[in-house]
Every structure is written in C-alpha cells, then in structure tokens.
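Report on the structure given below.
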Amino acid sequence: MAIVLDGTPAAEGIALGRVFLLDWGIPLVPHRAVPPEEADREIGRFEEARAWARERLLETQRRAEERLGRVEARIFDPQILMLDDPEVVDGTVRYIRDHRLTAERAFEWRMLELQAQWSRTSHPMVLDRLNDLEDLMIRVLNRLLGKHDPMDIQLEHDAVVVAENLTPSLVVQLDRERVAAFATDKGTRTAHWAILARSLEIPAVVGLGDVTKHAREGQQAVVDGRIGRVILDPDEDDLRHFQERVERLRAWAGELELIAELEPVTRDGQFVELRANLDQPEESEEARRYGADGVGLFRTEFLVVGRHTMPGEEEQYEAYRHVAEAFAGGAVYIRTFDLGGDKFPMFLHMPQEENPFLGWRAIRVCLDEPALFRTQLRALLRATAHGDVRIMLPLVNEVEEVRQVRALLQEEEHALEAAGVPFNPGYKLGVMIETPAAALEADQLAPHADFFSIGTNDLVQYTLAVDRTNARLARLYKPFHPAVLRQLKGVARAGRAAGIEVSVCGEMASNPLAAFLLIGLDITTLSMAWPSLPEIKQFVRSIRAEDARRAAQEALQAPTGEDVTRVLSRHLADTVDLSMFEGKWSLSLSP
Ligand code: PEP
Ligand code: MG
C-alpha cells in the first residue's frame, strides 16, 4: 500500500526513483552484556570489523588518489592509523573483557571516551582528529551492527536519497547524475544543502518527520518538490497522476521560457531588476536562458565545500571569469566565502562549536584566515577585468570589518599593479545586510559600501532567534514578522539616502507575495534561485507598483506576520489571478 507523506517543499520538480537510505551519523548501539566465555568471540568480531574497515579505507583512498591525486588521498591516513592505535584497540578489548560488553558497545564507549578527552583541547590538529574519530566510529559500528557502510555512497541511477538530514558537503559529493530527488526527516528550505539542491535542479522535500522510518531500501518513490509530497510504493493511480504532473510541468516550463524574453516591468511602468543566485559557475548558461540580467549572488563557498584542499587563485579566477563573461553587460555580485554555519570545508580547521550560526562564520573566518581570503580577493580583482564584477561581503556587523577588507584589497591591488596584472580599479565593494546589527546601523555602513544586498534568509533567523535549519521551528521562522519589515524599510531608506543600490538576494525575493512587499518598499532589485525568475517576472508584469506601495504602507502597520500576509493578499486579490502561480502561491514562507 502506498504511503503518502507531506513535508516542506525545498527544491522544485517531480521525480520517480528508488529509495537509497543514507543512514548518516553515529548509529544507536543497544546495550547488551555478554557472558565471560563469549569475550573471545566478541574480540574476534571487533578484529574482523577493524580488518574490514582498513580494507574499505584503503579502497576509498585508492579511488580518491585516482580522482584527486596523491596528496588529497592522504586525508584517509589518520583514520587508517587510528584503527591500529593501542589507545583504541587495547581500550576496546579491555572493555569487552572487564565490563562484559559486546564489541560494538565496548568500541563505542572507548571512542566516546577518547572524543571527550580530545574535545578538551583547542589544538586544530587534535580537533581535526575528532572528525576522523567520528567517521571511523560510523564505519566500524555499522559493520558490527550488520548495516552497510554509510561512508561509501554508491548510488544506482534514479536514486531517491532518503536521510534524516543532509549537509552541503554530502550533497556535493553525491553523483548528481544518479540522484533523482532528496527526501529528509529534518531540514528546511533555507538550509544551504537545500539551496544547493535547487541550484542542481534536484527535487527535494524536507521536514517529513519520519520518512526514514517508513522508507525501505530499493522501494519505488515519487518526490514532488513543488507541493512537498513523497509517495512510497506508489500505486497505479499515483503513477498516472505523476505522469500527468510531469507533463503539466513540462508545458509550464515551456511557457516560462517564453516569459524569460519579456521585460520585467510592472503595469504602471516600474522596472524591476531581476538577477540570478548561483551556487556553481556552470549554472550561468541556464540562468541566462531563464532570463537573468545579471547575477545578484554567486555563493563561492561551493567551490570549496566537500574539498580537501583550498582552491588556488587560478582556479577561482577562471570560475569568476566564467560567470563574468557569461553575463557580459550585466552586473555580477560575487560573495566572498561564507564558510561556517552549516558549510565546513575539510581543509580548514574549523572548531566544533556549540552554535555554529552564531560562531566563526563568513567574514569572521575570512578576516582570520588571510591566506584563504587574500587568494580569493586577488582572483576577484583579476576577474573585474572581464566584466562588471562586484565584491560582496557576507555577515557584516560593523564598519570596521569593511575597513579591514578595503585595506586588504588595497594591498592586493598594489601587488597586482606592480606585477602588471590587469584589473578594473573602479569595481564596487558592498555588504550583505544579514544581521539586525547591520540593518539597524545601515546608515553608518552606507558611506563605506557601494551597495547593500539584504540576505533575508539570515536576517530572519537572527532577528527572530530561530535557527534557519531547524525543522521543528519552521512555523516560527516568519519572514513577514513586523520586526523584519521594519528593518527592510530602514535599510531601503538608508540606502536611498546614501544613493546606493539596495537589493534582496534571500529566498523572499522568489516568493510572489514577498516580492510584492519588497517592490512596495521601493526595493526593485531582486535576486533569486534562477528557476524562479520567469515566474517572478510574470508576477511583476501583472502588478502595479502603486498598489504595492499602498500595500506595503498598510503592511507596515500590521501587528503580526499573519496580518501582514492578509494585507498583502488583499491588495493583490483585485489585480492578480493568484491561481496562475500554481503550487508556488500556497508556498508558505517557512524555511
Ligand atoms: C541570505 O542569508 O539570505 C543569503 C542570501 O545568504 P545565504 O542563504 O547563502 O546564507
Ligand atoms: Mg546569508
């Protein structure tokens, strides 16, 4: 019998495939005492699991060496060494004998003990070993529990990847040709892995609660990323309905591409600049086809997440240049690395933090890691010679951070000049408004910035103190909260007073109701995941900016987020046929 599960739509599209259960994380180990006469058998099982893990690691290392080279492949060395470390081996054997534990329980205890010991230090080398320790725990425990190796992800074609949750580095490691869709228990629309899924055009439904409990390996599944539904073991009716939806979406996509040719102008003549958010340089061509006039946000961290070495200047320069040339004549806003939060590249010694979104993230990491940052700045400066490349700083909180970046840029400019390397000295440097501190101090920041780009995904999370990746809090993540509206209004005003451009590049820009509000607040530059561009253009062409302004004025007086939504919908109802936005319209703005 088919099982229907509803969650949050996170990446559009509909797919049919077979379930691949990605059982990520340290498994639960049942507690069971074993009689003394079985101790040798348990030690034997532990030895077998160690030998197996060593073989798997060597095999993975061999494959990594073929694909990435010798140096990269050495990242597996510490895990291989740890397998023979007397601290691990003797400790586990002692627990089996002295405490009459099963091999898995003894190994788990010993590893948790080492983890606690090592966590007390802040030495980066030791902290790095913690990740190795965790990976090793996952491998060996799964072997002892008779489960398959979750670190060795070999997908069949049309895999519907079902997991408790995912991370950006996991997503970039998967063979994208083989992934049909994602379905997760947890996760939110604004989690970075979900954003990445949208860029990769892989349908995703998140926040399903317990899809991992219902799904069985190899089972057929339909994932509808537009309405947020997953059907396990679909029956004939479901499959027929799936085909119909595929055809409807195909027809809809054809229409959207025609719209891409049209001007984004409201019925009363207000031009709205529509730009694309990109996560990978290769998306440039598709984004153009969907009608993007420029790139409002290029998230550069996907050049580094999931990699073992820092990307070099040349490689980055080529990536930035590719985007700049693809958008000749349009502006291209390239954001400096926004690492930390939920994006951790393997080569950076990132500490394990209690609150990563309130921790060492974005501009803070860049300013503390000059080798990483200067390399990126040089690559960016060189890319300015090939188009209107603008440099954008994430998570800025105060003027001092912008000053420091300007000083670094000046030094790098001098070095490039001295070396005779071309760049455009008139490039623009701007900041993202992503924290209440930045929003409230926008008038102080404005003289130091050539533009503002409001990152509403983060601004909402920090304003409301609601983790954007926490599915349990999804209903509290309210982009229409009056506190958010006030900040949007204040930033727009500060930007206007200083004569600099203010745009929005968070998810709000791709929601018609929110776009109506933003245009009403005179924020007429919107950047979004490029698949949404035709739809928003169609929306822009169907409204009047004058109505949007009136609606925004009234919305600013509304006492709650729900009231704001009601006000906006009411003002729209007379002019727009809401049904033309199909599932999108009902898409709540929860993350
Ligand atoms: C944002 O925070 O709104 C934003 C665009 O940046 P990111 O989603 O990459 O954090
Ligand atoms: Mg952000």
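The values are calculated or read from the model by the stated rules, or taken from the named source; none is laboratory data. Only a predicted model underlies this, so the values are computations on that prediction, with no experimental measurement involved. Heads up, the Cβs are rebuilt from the backbone with ideal geometry, glycines too, and the neighbour counts pull from every protein chain shown. Remember, those area values only see protein heavy atoms, side chains included, never the ligands or the DNA or RNA. Shrake-Rupley method; radii C 1.70, N 1.55, O 1.52, S 1.80 Å.
Go through region 146-160 residue by residue and tally those that are open to solvent by less than 50 Å² (accessible area, probe 1.4 Å) and either in contact with a helix residue (DSSP H, G or I) (Cβ under 9 Å, 6 or more places away or on another chain) or outside the structural domain of ASP233 (by TED's automatic domain parsing) (or both).
Looking only at region 146-160, we keep the residues that are open to solvent by less than 50 Å² (accessible area, probe 1.4 Å), and these are 149-153, 155, 159-160.
The next check asks that each one be either in contact with a helix residue (DSSP H, G or I) (Cβ under 9 Å, 6 or more places away or on another chain) or outside the structural domain of ASP233 (by TED's automatic domain parsing) (or both); those that pass are 149-153.
Qualifying residue count for the region: 5.
Here are some residues: SER510, SER503. Which one is polar (S, T, N, Q) and over 17 Å from the mean Cα position of the chain (by Cα)? Break it down stepwise before answering.
Numbers: SER510 fails: over 17 Å from the mean Cα position of the chain (by Cα).
The unique qualifying residue is SER503.
Among the residues of region 419-434, what is the count of those that are in a loop (DSSP other than H, G, I, E, B) and open to solvent by less than 10 Å² (accessible area, probe 1.4 Å)?
Residues that pass the stated criteria total 1.
Return the residue satisfying two criteria in turn: it lies in region 341-357 and is over 19 Å from PHE76 (Cα atoms) and within 16 Å of ligand 1 (Cβ to nearest atom), and of such residues it is most open to solvent (accessible area, probe 1.4 Å). Write out each step before concluding.
Here is the first cut: in region 341-357, the ones over 19 Å from PHE76 (Cα atoms) are 341-343, 351-357.
Add one more test, that the residue is within 16 Å of ligand 1 (Cβ to nearest atom), and what stays is 341-343, 355-357.
Values: GLY341: 6, ASP342: 29, LYS343: 0, ASN355: 91, PRO356: 39, PHE357: 26 Å².
Across region 341-357, the extreme among qualifying residues is ASN355.
From GLU535, GLU546, GLU501, which residue is open to solvent by 20 Å² or more (accessible area, probe 1.4 Å), under 30 Å from GLU282 (Cα atoms) and either out of contact with any Cys (no Cβ under 9 Å at 6 or more places or on another chain) or touching a residue at least 24 places away in the same chain (Cβ under 8 Å) (or both)? Show your work before the answer.
On the way: GLU535 fails: open to solvent by 20 Å² or more (accessible area, probe 1.4 Å); GLU546 fails: under 30 Å from GLU282 (Cα atoms).
One residue alone meets the criteria, GLU501.
Please go through region 258-282 and give me each residue that is among the polar types (S, T, N, Q) and in contact with a strand residue (DSSP E or B) (Cβ under 8 Å, 6 or more places away or on another chain), ordered by number.
Residues of region 258-282 among the polar types (S, T, N, Q): 266, 270, 277, 280.
Across region 258-282, the qualifying residue is only ASN277.
Can ASP443 be described as open to solvent by 20 Å² or more (accessible area, probe 1.4 Å), part of a helix (DSSP H, G or I) and away from ligand 1 (no atom under 14 Å from the Cβ)?
Values: open to solvent by 20 Å² or more (accessible area, probe 1.4 Å): yes; part of a helix (DSSP H, G or I): yes; away from ligand 1 (no atom under 14 Å from the Cβ): yes.
Considered against the rule, which asks whether it is open to solvent by 20 Å² or more (accessible area, probe 1.4 Å), part of a helix (DSSP H, G or I) and away from ligand 1 (no atom under 14 Å from the Cβ), ASP443 comes out as yes.
Can you confirm whether region 244-255 contains a residue that is within 16 Å of ligand 1 (Cβ to nearest atom), part of a helix (DSSP H, G or I) and either among the small types (Gly, Ala, Ser) or exposed (fewer than 14 other Cβ atoms within 10 Å of the Cβ) (or both)?
The first filter runs over region 244-255 and keeps only residues within 16 Å of ligand 1 (Cβ to nearest atom), leaving none.
Within region 244-255, none of the residues are within 16 Å of ligand 1 (Cβ to nearest atom), part of a helix (DSSP H, G or I) and either among the small types (Gly, Ala, Ser) or exposed (fewer than 14 other Cβ atoms within 10 Å of the Cβ) (or both).
Can you tell me which of (1) at positive phi; (2) buried (at least 17 other Cβ atoms within 10 Å of the Cβ) is the one ALA465 doesn't meet?
All conditions pass for ALA465, except number (2).
For the list (1) touching a residue at least 24 places away in the same chain (Cβ under 8 Å); (2) closer than 23 Å to PHE20 by Cα; (3) open to solvent by 80 Å² or more (accessible area, probe 1.4 Å), I need the number of the one condition that GLU285 fails.
(2)
Looking only at strands (runs of 3 or more DSSP E) that lie completely in region 136-210, which have at least 2 residues being touching a residue at least 24 places away in the same chain (Cβ under 8 Å) and within 16 Å of ligand 1 (Cβ to nearest atom)? Talk me through it step by step, then tell me what you get.
Values: elements: 159-163, 179-184, 204-206.
Counting at least 2 such residues, we get 204-206.
Being at negative phi, within 14 Å of ligand 2 (Cβ to nearest atom) and not hydrophobic (A, V, I, L, M, F, W, C), is that true of even one residue in region 393-410?
The initial filter retains those residues of region 393-410 that are at negative phi, namely 393-394, 396-410.
Retained after the next criterion (residues that are within 14 Å of ligand 2 (Cβ to nearest atom)): 393-394, 396-397.
Pick out the ones that are also not hydrophobic (A, V, I, L, M, F, W, C) and you get 394, 397.
Scanning region 393-410, I find at least one residue that is at negative phi, within 14 Å of ligand 2 (Cβ to nearest atom) and not hydrophobic (A, V, I, L, M, F, W, C), so the answer is yes.
If ARG32 meets every condition in (1) surrounded by 14 or more Cβ atoms within 10 Å (Cβ to Cβ); (2) modelled with pLDDT under 95 apart from one, which number is that one?
In the conditions (1) surrounded by 14 or more Cβ atoms within 10 Å (Cβ to Cβ); (2) modelled with pLDDT under 95, ARG32 misses (1) alone.
Select from region 549-566 the residues that are under 31 Å from the mean Cα position of the chain (by Cα), buried (at least 20 other Cβ atoms within 10 Å of the Cβ) and among the aliphatic types (A, V, I, L, M) and list them in ascending order.
If the condition is that a residue be under 31 Å from the mean Cα position of the chain (by Cα), buried (at least 20 other Cβ atoms within 10 Å of the Cβ) and among the aliphatic types (A, V, I, L, M), then ALA552, ALA555, VAL564 are the ones that fit.
Tell me the residue from MET346, MET350 that is more than 16 Å from ligand 2 (Cβ to nearest atom) and under 26 Å from ALA465 (Cα atoms), please.
Values: MET346 fails: under 26 Å from ALA465 (Cα atoms).
Sole residue among the options that is more than 16 Å from ligand 2 (Cβ to nearest atom) and under 26 Å from ALA465 (Cα atoms): MET350.
How many of the residues in region 465-485 are over 20 Å from the mean Cα position of the chain (by Cα) and either within 16 Å of ligand 2 (Cβ to nearest atom) or in the same structural domain as GLU400 (by TED's automatic domain parsing) (or both)?
Summing the residues that are over 20 Å from the mean Cα position of the chain (by Cα) and either within 16 Å of ligand 2 (Cβ to nearest atom) or in the same structural domain as GLU400 (by TED's automatic domain parsing) (or both) in region 465-485 gives 1.
I'm trying to understand the selection: among the residues of region 321-340, which are within 16 Å of ligand 2 (Cβ to nearest atom) and either β-branched (Val, Ile, Thr) or farther than 23 Å from ARG74 by Cβ (or both)? Spell out how you get there, then give the answer.
Within region 321-340, the first condition is being within 16 Å of ligand 2 (Cβ to nearest atom), and the residues that meet it are 333-340.
If the condition is that a residue be within 16 Å of ligand 2 (Cβ to nearest atom) and either β-branched (Val, Ile, Thr) or farther than 23 Å from ARG74 by Cβ (or both), then TYR333, ILE334, ARG335, THR336, PHE337, ASP338, GLY340 are the ones that fit.
Do you know which residues across region 102-114 are surrounded by fewer than 19 Cβ atoms within 10 Å (Cβ to Cβ) and in contact with a helix residue (DSSP H, G or I) (Cβ under 6 Å, 6 or more places away or on another chain)?
The answer is TRP109, and nothing else.
Determine if region 388-410 includes at least one residue that is open to solvent by 30 Å² or more (accessible area, probe 1.4 Å), within 16 Å of ligand 1 (Cβ to nearest atom), among the charged types (D, E, K, R) and touching a residue at least 60 places away in the same chain (Cβ under 8 Å).
There is at least one residue in region 388-410 that is open to solvent by 30 Å² or more (accessible area, probe 1.4 Å), within 16 Å of ligand 1 (Cβ to nearest atom), among the charged types (D, E, K, R) and touching a residue at least 60 places away in the same chain (Cβ under 8 Å).
Mind telling me which of the residues GLU313, GLU318 ends up being in contact with a Lys or Arg (Cβ under 6 Å, 6 or more places away or on another chain), away from ligand 2 (no atom under 16 Å from the Cβ) and farther than 26 Å from ASN165 by Cα? Give the steps one after another, and end with the answer.
Details: GLU318 fails: in contact with a Lys or Arg (Cβ under 6 Å, 6 or more places away or on another chain).
Just a single option satisfies the conditions, and that option is GLU313.
Name the helices (runs of 4 or more DSSP H) wholly inside region 486-577 in which the number of residues that are within 16 Å of ligand 1 (Cβ to nearest atom) is 3 or more. Walk me through how you get there before you give the answer.
Working: elements: 512-520, 533-542, 545-555, 561-573.
Here the list reads 512-520.
Are any residues in region 446-462 out of contact with any helix residue (DSSP H, G or I) (no Cβ under 6 Å at 6 or more places or on another chain), away from ligand 1 (no atom under 13 Å from the Cβ) and open to solvent by less than 10 Å² (accessible area, probe 1.4 Å), and if so, which ones?
Result: ALA449, PHE451.
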